[in-house]
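J.: Could you have a look at this structure, given as structure tokens, before my questions?
Quick note: the coordinates plus some simple rules give every number you see, no bench work behind them. Being a predicted model, the structure only gives us computed values, none of them experimental. In this analysis, Cβ positions are derived from the backbone assuming ideal geometry, glycine residues included, and neighbour counts consider all displayed protein chains.
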Amino acid sequence: MDTPPSITDLLDAWAGGDPEALNELMRVVYTKLREKARRAMAGERPTHTLSPTALVHEVYLELHRLKNVSFEGRGKFYAYVGVQMRTILREHARTLHAKKRGAGAERVTLAESSLWAEPTPVDFLDLDAALSELEGADPLLVRMIELRFFAGLTEDETAEALGRSPSWVYREWKVAKRFLADKLQPR
């Protein structure tokens, strides 16, 4: 039985112009991406119009639109996916919020990726605003949050993607959790 190609090999093939490499890559990472999407959407209401599966499919469409792809390994790929998940969820929340004319934006629960021990409902637009504010002061910290929360990477995977040590990620994750807990406290 043949072993499946590695994610890095598929990324290299895709960057080299192989149109089937993206499809094969998605077959290899689909389950993991769906789990990451599920965690990013934990706590959404059951009638939410965007499912984890739909979120992964939206990410696929974004990947399919890319030209001149070069991710330099799976860490950078997952980092990009995390950013795309955040962007898609933000735009979905903005669209819904605009349709409701202020009647309430989407709420996400920040659980495992864990800013809090217990799932805490948070307005996604408030989360995005807090991340945008933080980006002005510390863009690297925002990238780390995207990797941990939206892409669901471990501390080691995040460290690899950012070119930092796992101990740096551990320390900065504490800083990020404190910042977001302060910014997103229920009023």
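J.: Measure up Lys36/Lys177; Lys32/Lys174; Lys67/Lys177; Lys32/Lys67 against 28 Å on the Cα-Cα distance and list the ones that go over.
T.: Lys67/Lys177
J.: Taking the Cβ-Cβ separation of Arg178 and Asp156 as r and a Förster radius of 22 Å, what is the calculated FRET efficiency to the nearest 0.05?
T.: 0.50
J.: Let me ask another. Using a Förster radius of 25 Å, what is the FRET efficiency between Tyr170 and Glu62 based on their Cβ-Cβ separation? Nearest 0.05, please.
T.: 0.25
J.: What is the packing order of peptides 30-41, 60-71, 165-176, taking the mean over residues of other C-beta atoms within 10 Å and listing the highest first?
T.: Taking the mean over residues of other Cβ atoms within 10 Å, the ranking is 30-41, 165-176, 60-71.
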